[in-house]
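Q: Got a structure here, written out as structure tokens. Questions coming.
The values are calculated or read from the model by the stated rules, or taken from the named source; none is laboratory data. Computed from a prediction, not measured in an experiment: that's the story for all the values here. Positions of Cβ are backbone-derived with ideal geometry, glycine not excepted, and every protein chain shown enters the neighbour counts.
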Amino acid sequence: MDKEVIIQTEKLVRNFSLGKQTIHVLKALDFSINKNEYVALMGPSGSGKSTLMNILGCLDTPTSGKYILNKQDVSALSDDELAEIRNKEIGFVFQTFNLLPRSSALDNVALPLVYAGMSKEDREKRALEVLEQVGLGDRVQHKPNELSGGQRQRVAVARAMVNKPSIILADEPTGNLDSKTSYEIMALFDAIHRQGNTIILVTHEEDIAQHAHRIIRLKDGEIERDELNKNVSSFAT
């Protein structure tokens, strides 16, 4: 059976203007990612990985070239159209959790479903489902300050999954966590991947990248290496 391409870039370029100078951040990138792949984007500061992540997450658009997501060219869509695609297709997990401090875990997870126009009853049912999936079924009414760092990141992962997105995009998801908690979160990503989700992990930590099945290494806005990971780190949950 042919693999289904979920992301494809063609000569993807992103430049930024700094006074009279043009900074070439991404230089004609060509790559594709298949459905249910687990890919790590790696690179030092200034390599272009954050800019690439913003484009893949429909938070930014390329200067030139194409970005095709689920067979749709999203390179030149309006801000409103990009926002709709973000809500439907992409689940974000951030290093800083980005939770609403005064809202419960349940309300934080249900939030994307408000924008999707789902009823309150259906929102809460689906949010509870994913909170149980990430092991927080007994913490649904807790606010972020009543949760540990690892639990907060689990809430963030549940929120990313609640809309059943095509892609989970995780930006340094263990950056604010200790080693033990980092491994627990990576075990959770392993489990999510086994359920059929496509995961793109942005990290500068080699041991975290080793959980991915493919590693794309960026340097100076270009792909330095794109290789399958023959020694995947995996933790059973």
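Residue by residue, here is whether (1) surrounded by fewer than 16 Cβ atoms within 10 Å (Cβ to Cβ); (2) not small (Gly, Ala, Ser) holds:
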position: 101; (1), (2): yes, yes
position: 106; (1), (2): no, yes
position: 114; (1), (2): yes, yes
position: 117; (1), (2): yes, no
position: 122; (1), (2): yes, yes
position: 125; (1), (2): yes, yes
position: 139; (1), (2): no, yes
position: 147; (1), (2): no, yes
position: 152; (1), (2): no, yes
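Q: Here is a follow-up. With the checklist (1) farther than 30 Å from residue 119 by Cα; (2) without any contact (Cβ under 8 Å) to a residue 60 or more places away in the chain; (3) surrounded by 24 or more Cβ atoms within 10 Å (Cβ to Cβ); (4) small (Gly, Ala, Ser) in hand, flag the one item residue 212 doesn't pass.
A: For residue 212, the exception is condition (2).
Q: Within region 113-120, does at least one residue satisfy the condition of being without any contact (Cβ under 8 Å) to a residue 60 or more places away in the chain, farther than 30 Å from residue 60 by Cα and not polar (S, T, N, Q)?
A: Yes, that holds for at least one residue.
Q: From 97, 92, grab the single residue that is at positive phi and among the hydrophobic types (A, V, I, L, M, F, W, C).
A: 97
Q: Tell me, yes or no, whether region 75-84 has at least one residue that is of a type outside the set (Val, Ile, Thr), assigned to a loop (DSSP other than H, G, I, E, B), in contact (Cβ under 8 Å) with a residue 12 or more places away in the chain and surrounded by fewer than 15 Cβ atoms within 10 Å (Cβ to Cβ).
A: The answer is yes, given that some residue of region 75-84 is of a type outside the set (Val, Ile, Thr), assigned to a loop (DSSP other than H, G, I, E, B), in contact (Cβ under 8 Å) with a residue 12 or more places away in the chain and surrounded by fewer than 15 Cβ atoms within 10 Å (Cβ to Cβ).
Q: Kindly evaluate residue 187 against the criterion of being of a type in the set (Gly, Ala, Ser) and either part of a loop (DSSP other than H, G, I, E, B) or buried (at least 17 other Cβ atoms within 10 Å of the Cβ) (or both).
A: No, not satisfied.
Q: Give me a count of the residues in region 143-184 that are of a type in the set (D, E, K, R), within 22 Å of residue 42 (Cβ to Cβ) and either under 14 Å from the mean Cα position of the chain (by Cα) or part of a loop (DSSP other than H, G, I, E, B) (or both).
A: 3
Q: Examine region 89-100 for a residue that is among the small types (Gly, Ala, Ser), at pLDDT 90 or above, closer than 21 Å to residue 197 by Cβ and not in a helix (DSSP H, G or I), and state whether such a residue exists.
A: Yes, the conditions are met somewhere in region 89-100.
Q: Could you check, for region 42-59, whether at least one of its residues is without any contact (Cβ under 8 Å) to a residue 60 or more places away in the chain, buried (at least 17 other Cβ atoms within 10 Å of the Cβ), of a type outside the set (Val, Ile, Thr) and within 30 Å of residue 226 (Cβ to Cβ)?
A: Yes: one or more hits.
Q: Please specify each residue of region 166-176 satisfying the condition of being surrounded by fewer than 20 Cβ atoms within 10 Å (Cβ to Cβ) and over 14 Å from residue 98 (Cα atoms).
A: Across region 166-176, the qualifying residue is only 166.
Q: Scanning region 12-26 for residues that are under 16 Å from residue 48 (Cα atoms) and not aliphatic (A, V, I, L, M), which turns out surrounded by the most Cβ atoms within 10 Å (Cβ to Cβ)?
A: Within region 12-26, the match that is surrounded by the most Cβ atoms within 10 Å (Cβ to Cβ) is 14.
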